[in-house]
Amino acid sequence: MSTTNKSSSSVSDSENNTRQTEVAAIHKTIRTQGEKELGRTVSALLWSAIAAGMSMSFSMLAIGLIKSHLPDNDIGVLISSLGYAVGFIVVILAHQQLFTENTVTAVLPLVTEPGLYKLFYLLRLWSVVLIGNLIGVAISAYLLLAMPLFDSQTQEVFIGLGEKILSNDTGQMFAKGAIAGWMIATMVWLIPAAGDAKVWVILIVTSLIGLGGFTHIIVGSTEVLYLVFDGKASMSDYVFKFALPTLLGNVVGGTFIFALISHAQVRSDN
């Protein structure tokens, strides 16, 4: 009996050590990626972020096109939510700079070795990427509205997406933004271990964000700015009702909760 217990204990310890090693390896991979992001020039970050913002408009585009060809029922909602993943797949596979994705990885170098130098570069990264993303989504939202690309039915779907977001109050915007930030950060943590299944990880996680109606500062900006440019919402609605509470929620959920807890997990094992 004693021999059996020792054998079971040995197997358990081995499994725990293997698990700790894998977690530490993921942490190191993400931290190394974050250090590279912190070291990029402002010009490189900005252009990549603008490209990412424009690419993220594919999410609204995909949802709108799919939804306009489906019945307005639960099955239609479920299938159209898959379109939410399109922008994320493009941005991540193209290694473009996306706020809440690349910006999460850059937190780990700071919490691993805190210092004013890394804090400055983290804030620089956040600012440049966010501004670049918003420039990109603004360009895309305006072009999708201004160019004669879609029929009235599809345009009504685009408008409905923005109106659905603005139907949330400030507290809901923040809470849903925190959940979205948490889920994006979870995706970032899973991708290094996903291997060839990377696209499936992105698809599953981001589709759930779309299905749950959780708010993301970049995807949602495309949808709400479409309303603004169409005259159906004001810039004040965009900034104060959507952007600020959603941004705060994304940062809290994706950075201050997930990244710090994930780091604490690895640090506690050392």
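Odds and ends about this structure:
- Estimated at 0.36 nm per residue, the fully extended path between residue 236 and residue 196 surpasses their Cα-Cα distance by 10.1 nm.
- Using C-alpha pairs below 8 Å separated by at least 6 residues, the relative contact order for region 25-269 is 30 percent.
- The alpha carbon gyration tensor of region 25-269 gives principal lengths a ≥ b ≥ c with a/c of 1.5 or higher and a/b greater than b/c, which makes the shape prolate.
- With a cut-off of 15 Å between beta carbons, the residues surrounding residue 106 carry a summed charge of +2, where Lys and Arg count +1 and Asp and Glu -1.
- Size of charge dipole - region 25-269 - debye, nearest 20, with Cβ of Lys, Arg +1 and Asp, Glu -1, no other charges: 680
- Listed by Cβ neighbour count within 10 Å, with the fewest neighbours leading, 196, 230, 72 appear as 196, 72, 230.
- A simple spin-label model places the labels of residue 77 and residue 135 3.8 nm from each other, with each point 7 Å out along Cα-to-Cβ.
- Sorting 204, 217, 50 by the number of Cβ atoms found within 10 Å of their own Cβ, with the fewest placed first, yields 204, 50, 217.
- Overall form of region 111-223 per C-alpha gyration tensor (a/c, 1.5; a/b vs b/c): prolate
- Look at the dipole of region 113-233 built from charges on Cβ: of 127, 215, 178, the Cα furthest out on the positive end belongs to 127.
- Among 200, 182, a tally of other beta-carbon atoms within 10 Å of each Cβ gives an order, fewest to most, of 200, 182.
- Treating r as the C-beta distance of residue 119 and residue 170 and R0 as 35 Å, the FRET efficiency rounds to 0.80.
- Ignoring lysines fewer than eight residues from residue 36 along the same chain, the ones with Cα atoms less than 24 angstrom from its Cα are 28, 118, 198.
- Residue 41-residue 152 FRET efficiency (beta carbon distance; Förster radius 45 Å; 0.05 resolution): 0.50
- Around residue 205: net Lys/Arg minus Asp/Glu count, Cβ-Cβ under 12 Å: 0
- Net charge over other residues, Cβ less than 11 angstrom from the Cβ of residue 60 (K, R count +1; D, E count -1): 0
Every read-out reported here was derived from the displayed coordinates using simple, explicitly stated rules and does not represent laboratory data. Keep in mind that what you see is a predicted model, and the values were worked out from it rather than measured. Heads up, the Cβs are rebuilt from the backbone with ideal geometry, glycines too, and the neighbour counts pull from every protein chain shown.
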